[in-house]
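Visitor: The structure under discussion is supplied below as C-alpha cells; questions concerning it will follow.
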Amino acid sequence: MKPSFSATKSAVLDLPEPNVPVMVMISFFIIYAIITHMQPQTFIFFGIVGSGKGTQVKLLMEYLKGKDSAPCVYIGTGEIFRAIAHSTDLDENVRMVKELLDAGRLIPDEMTNQLVLQKIDTELSAEKHCLFDGYPRTVSQSEVFEGKMKEIGRGNIKIIYLELSKEEATKRNLLRGRHDDTAEGLAKRFDEYVNKVVPAMNYFKGKNGYTIYAINGEQSVEDVHREILEKINL
C-alpha cells in the first residue's frame, strides 16, 4: 500500500510549532557557531635577534589552540636545522646540510626552500593554522614562499613584525650570556638582518593577500602579545 501524501502532509501540519524560547536557543547556537568558527590563519614572524619572536610565536599558538579546535602547524627553520643536526639519516641532502651547519655556514636558499616546502607538503592541510618562524629570510625565499601559498590556495597572510632597536636587542642578547652573543657577533647578525631579512619582509608590502603588522617589541612579553592580538583582530 502506497503512503498517502495528503496524510503525510497533514501529519506535518499537525506538529506543534517550536515555541519562542526554543527558536531563540537554536538561533543562538547557529550564530555562536558562525562567530567562533575561525578561518585557517597563516602567520609569518619577523624580528631581529632578541625581539622575543620565538616566545610570541608560542603564545599565539597557545591562543589559537584555546580559541579554535583547528590544529596549528609550526614551521621554523631553526627547528628544522636542529633536527637535521641530530639526524642519523644518510640522505645526501641531509649530509650536506649537516656539513654546512657543523662548519657554521649559512644554508643556501635552494636547500632551505626545499626543506621548508617539504614540511609544508607533509604537515600543512587546508583546515590547519600555520605559523612560520625564520622563513623566509631572503627575497629569493619570499618569492618561493609566495608561489607556494598561491599553489595551495592560502591567502590573507598576516606578517607580524616585531620592531626592536639595535641598542635594546644588544642589551637583551648580552644579558642572556650565550657564548656566541658577543658584541662583534651580534653586529654581524644585525647587519645580515637589515641587509637580507628586512628586504625579504618588505617584498610583501602592498601585495594582495598580505598584511604587515608592526608591533612595538620593546614592551613586556605580555604587552607585545596583547598588541599582536589587537592588531590582527583575534
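Here, each number is a calculation from the coordinates, and none is a lab measurement. Keep in mind the model is a prediction, meaning the values are calculated, not measured. With ideal geometry, Cβ positions are generated from the backbone for all residues, glycine too; neighbour counts draw on all protein chains shown.
Visitor: Taking amide hydrogens as modeled 1.01 Å from N in the peptide plane, which residues meet the under 5 Å criterion relative to ASP68, leaving out close sequence neighbours?
Guide: Here the answer is none, since no amide H 5 or more places off falls under 5 Å of that of ASP68.
Visitor: For segment 38-131, calculate the relative contact order in percent as a whole number, restricting contacts to Cα pairs under 8 Å that are 6 or more residues apart. Walk me through the numbers before you get to the answer.
Guide: Numbers: 69 pairs, mean separation 46.6, N = 94.
The normalised contact order for segment 38-131 reaches 50 percent.
Visitor: Mind ordering 102-113, 131-142, 52-63 by average Cβ neighbours within 10 Å, highest first? Can you show the working numbers first?
Guide: Working: 102-113: 13.7, 131-142: 21.1, 52-63: 17.8.
Peptide ranking by packing, descending: 131-142, 52-63, 102-113.
Visitor: Tell me, what ³J(HN,Hα) does each residue in segment 221-234 have, in order and in whole Hz, if you take phi through Karplus 6.51 cos²θ - 1.76 cosθ + 1.60 with θ = phi - 60° and put x for Gly and Pro?
Guide: 4, 5, 6, 4, 4, 4, 5, 4, 4, 5, 6, 8, 6, 10
Visitor: Which cross-chain or sequence-distant (5 or more) residues have an amide H under 5 Å from the amide H of ILE44, H modelled 1.01 Å from N in plane?
Guide: PHE132, LYS158, ILE159, ILE160
Visitor: If the cut-off is 30 Å between C-alpha atoms, which lysines fall inside it for LYS65, apart from same-chain ones fewer than 8 positions away?
Guide: Within reach: LYS53, LYS119, LYS128, LYS148, LYS150, LYS158, LYS205, LYS207, LYS231.
Visitor: Separate question: Suppose every Lys and Arg Cβ carries +1 and every Asp and Glu Cβ carries -1, with no other charges. What dipole size does segment 54-211 come out with about its Cα centre, to the nearest 20 debye? Can you show the working numbers first?
Guide: On the way: 24 positive and 25 negative charges, 108 e Å.
Dipole about the Cα centre, nearest 20: 520 debye.
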